[in-house]
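Before any comments, here is the structure.
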Amino acid sequence: MLSDYHIHSHFSSDSEEKLENIANTALSLGMSSICLTDHMDYDYPISPDEPDMTFFLDIPEYAKALGALRMQYAGRLDIRTGIELGIQPHIADENYKISKSHPFDFIIASTHIVDKKEPFYPSFWDGQNIDDCLAEYFSDMLDSLKKFDNYDVCGHLDYIIRYIPDKSFAFSYKDYSDIIDEILYEIISKGKGIEINTAGYRYSLNSPNPCTDIIKRYKELGGKIITVGSDAHFAKDVGSGFDKARNVLLACGFDSYYTFKERTPYRHSL
Ligand SMILES: [Zn+2]
Ligand SMILES: [Zn+2]
């Protein structure tokens with residue numbers, strides 16, 4: 001079973017899951033290691049409808065709890081301490097400080113916010129042209145990645161497509177290939193990687209995030225480092241869709257994936 005390197009617990013604003021439930025699920029699936037990657041989104045635009053969604057991570061408490069969990073499962077399951085950092089072009093300095101405030105094993109850089117708005121909320125799309133929203137999303141991501149590079153993988157590269165309200169809209173890599181290629185060049189040239197995020201299957205996208213064409217393009221451009229993550233917010237979703245993800249990676253020409261410890265990539269055969 002591939003190791004799950006994108007999991008949320010009750011330390012994230014949008015999850016209530018207990019760490020032990022996550023570890024037990026991973027053990028029952030036969031995983032050898034997992035990485036918790038709870039959310040930290042500096043300057044997250046708080047919605048008046050959901051004022052508790054601050055996406056602020058109490059890093060000292062989180063690290064302490066994971067240290068105890070690691071001891072509890074020692075010899076059975078390697079538990080790594082990661083973080084999913086929300087990136088935006090204007091918060092690079094803050095993200096450098098956060099990323100250096102603890103010796104994390106693994107850092108995912110994710111774009112959740114475009115122009116101070118979150119595409120997860122339906123109001124994001126009100127009166128907007130979908131093509132313009134997608135173009136702005138990718139352009140912001142590129143800008144953020146150029147300004148902040150203390151990360152290991154770029155999270156769910158086409159995250160925004162999960163939330164397009166018009167379900168008949170067919171997203172195609174080709175329509176945004178110039179900007180997506182620039183993002184991939186940026187990631188590869190800095191020695192970073194991308195993740196295959198299987199939450200896409202749970203949003204009925206019929207593909208992971210990013211989609212197969214982007215994974216293929218990453219390979220063509222020389223990309224090597226790939227992690228696999230469920231983006232689980234419930235223990236039951238740990239490892240979900242991993243069989244499909246493995247098949248997608250093999251079909252895209254990959255024969256291995258990576259885990260991280262102390263920010264160092266370790267290669268594993270698929
Ligand atoms: Zn995310
Ligand atoms: Zn996540």
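Any read-out appearing in this document is the output of simple, stated calculations on the displayed coordinates, not a laboratory observation. Keep in mind the model is a prediction, meaning the values are calculated, not measured. Reconstructed Cβ throughout: ideal geometry from the backbone, glycine too, with neighbour counts over all protein chains shown.
Listed values, structure above:
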| item | result |
| --- | --- |
| Given (1) over 20 Å from ASN197 (Cα atoms); (2) touching a Ser or Thr at 6+ places or on another chain (Cβ under 8 Å); (3) small (Gly, Ala, Ser), index of the condition SER139 fails | (2) |
| Enumerated strands (runs of 3 or more DSSP E) restricted to the stretch 197-270, each holding at least 3 residues that are over 18 Å from GLY155 (Cβ atoms) | 264-269 |
| Per-region count, the stretch 23-42, residues in contact (Cβ under 8 Å) with a residue 12 or more places away in the chain, more than 13 Å from ligand 2 (Cβ to nearest atom) and on the phi < 0 side of the Ramachandran plot | 11 |
| The one condition in (1) over 26 Å from ARG80 (Cβ atoms); (2) not in a helix (DSSP H, G or I) that GLU182 fails to fulfil | (2) |
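The rows are residues; the columns are (1) within 16 Å of ligand 1 (Cβ to nearest atom); (2) more than 23 Å from CYS35 (Cβ to Cβ).
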{"residue": "SER101", "(1), (2)": "no, no"}
{"residue": "PHE106", "(1), (2)": "yes, no"}
{"residue": "ALA109", "(1), (2)": "yes, no"}
{"residue": "HIS112", "(1), (2)": "yes, no"}
{"residue": "PRO122", "(1), (2)": "no, yes"}
{"residue": "ASP126", "(1), (2)": "no, yes"}
{"residue": "CYS133", "(1), (2)": "no, yes"}
{"residue": "GLU136", "(1), (2)": "no, yes"}
{"residue": "SER139", "(1), (2)": "no, yes"}
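Residue-wise test of (1) over 18 Å from the mean Cα position of the chain (by Cα); (2) within 14 Å of ILE225 (Cα to Cα); (3) free of Cβ contacts under 8 Å to residues at least 60 places away in the same chain; (4) within 16 Å of ligand 2 (Cβ to nearest atom).
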position: TYR159; (1), (2), (3), (4): no, no, yes, yes
position: ARG162; (1), (2), (3), (4): no, no, yes, yes
position: LYS167; (1), (2), (3), (4): yes, no, yes, no
position: LYS174; (1), (2), (3), (4): yes, no, yes, no
position: ASP178; (1), (2), (3), (4): yes, no, yes, no
position: GLU182; (1), (2), (3), (4): yes, no, yes, no
position: GLY191; (1), (2), (3), (4): no, yes, yes, no
position: GLY200; (1), (2), (3), (4): no, no, yes, yes
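Residue-by-condition table, conditions (1) in a helix (DSSP H, G or I); (2) out of contact with any helix residue (DSSP H, G or I) (no Cβ under 7 Å at 6 or more places or on another chain); (3) on the phi < 0 side of the Ramachandran plot:
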residue	(1), (2), (3)
LEU57	no, yes, yes
GLU61	yes, yes, yes
LEU69	yes, no, yes
ALA74	no, yes, yes
THR81	no, no, yes
GLU84	no, yes, yes
ASP93	yes, yes, yes
TYR96	yes, yes, yes
ILE108	no, yes, yes
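Here is a yes/no grid of residues against (1) buried (at least 19 other Cβ atoms within 10 Å of the Cβ); (2) out of contact with any Asp or Glu (no Cβ under 7 Å at 6 or more places or on another chain):
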site: TYR185; (1), (2): no, yes
site: SER189; (1), (2): no, yes
site: GLY193; (1), (2): yes, no
site: ASN197; (1), (2): yes, no
site: TYR203; (1), (2): no, yes
site: PRO208; (1), (2): yes, yes
site: CYS211; (1), (2): yes, no
site: GLU220; (1), (2): no, yes
site: THR227; (1), (2): yes, no
